[in-house]
Amino acid sequence: MTYEQLKRQLGRHINDAHLRNFLAGSLCGVISVAVSYPLDMIRVRMAYITPDGTRQRQSVIQVARLIYGEKAYKFGLFNFFRGFPLSLMGIVPYGGVSFLMHEYFMELARTRFAHIATLPPAERKPTTDRRRKVKELKNWAELTAGGLSGVFAQTASYPFELVRRKMQIAGAHDPNRRASAVKIAGEVWRKSGVRGFFVGLTIGYVKVVPMFAISFFTYEKLKAIFDLE
């Protein structure tokens, strides 16, 4: 919803469609991260703290209280935002590139690959004056466009995500010390060089390709159902 509203507002001042889509995607990503970051912090900490013979499985409330009680920051709520500035830096390429590439691949499918990616006229649903006057794509084309956008977005933002995750779990090692993004990035560089910032990227693709494919596919279908531009 935020992306569509931002794209509409930016369109009044920016004529370049690619720049408009990138900025709208980046800004909506920043807003969504700001709202959901504390929950993401709890999720990462719960995934990291594995129950064993000495530690029992902890509930969401228990983990939230544990994070709140850490002494890294004067105000306990700030503990839920470890790595937040870095996350904002990462969401700009992640959100911007994802929406930019999705719009690009959708347009590419409607133009260069229209002969195989668009529905024949007989199979197209009737449109109203309000709906976009564009060629409808086949399901596989929409899924492919979404999946590819996820590949580009994940690749562009992964180094930021890797450092952010390390900052989020730093509290489990030393609850009373603030983790430095620069220090963590330096450690990764010294140990593995550039490759160190992309460790686990392949697994990331396994996650984001179907996630983006389904998300953007559902997004387009619901816009059509509710007759939205």
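The values are calculated or read from the model by the stated rules, or taken from the named source; none is laboratory data. Quick caveat: nothing in here was measured; it's all calculated off a predicted structure. FYI the Cβ positions are ideal-geometry reconstructions off the backbone, even for glycines, and counts take in every protein chain you see.
So here's what we get for this one:
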| read-out | value |
| --- | --- |
| First in region 136-149 and touching a residue at least 40 places away in the same chain (Cβ under 8 Å) and of a type in the set (Ser, Thr, Tyr), second anywhere and buried (at least 20 other Cβ atoms within 10 Å of the Cβ) and assigned to a helix (DSSP H, G or I), Cβ under 6 Å, 6 or more apart | Ser149/Ser98; Ser149/Met101; Ser149/His102; Ser149/Phe212 |
| Per-region count, region 50-76, residues surrounded by fewer than 17 Cβ atoms within 10 Å (Cβ to Cβ) and either modelled with pLDDT under 85 or in a loop (DSSP other than H, G, I, E, B) (or both) | 16 |
| Residue within region 145-168 that is at pLDDT below 90, of a type in the set (S, T, N, Q), surrounded by 16 or more Cβ atoms within 10 Å (Cβ to Cβ) and not in a helix (DSSP H, G or I) present | no |
| Unique match (being among the aromatic types (Phe, Trp, Tyr), over 17 Å from Phe160 (Cα atoms), surrounded by 11 or more Cβ atoms within 10 Å (Cβ to Cβ) and within 21 Å of the chain's Cα centre (by Cα)) among Phe197, Phe212 | Phe212 |
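Per-residue answers, yes or no, for (1) surrounded by 20 or more Cβ atoms within 10 Å (Cβ to Cβ); (2) modelled with pLDDT under 85; (3) under 14 Å from the mean Cα position of the chain (by Cα); (4) within 17 Å of Ile169 (Cβ to Cβ):
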| residue | (1), (2), (3), (4) |
| --- | --- |
| Ala17 | no, no, no, no |
| Arg20 | yes, no, no, no |
| Leu27 | yes, no, yes, no |
| Phe80 | yes, no, no, yes |
| Gly96 | yes, no, yes, no |
| Arg110 | no, no, no, no |
| Ala114 | no, no, no, no |
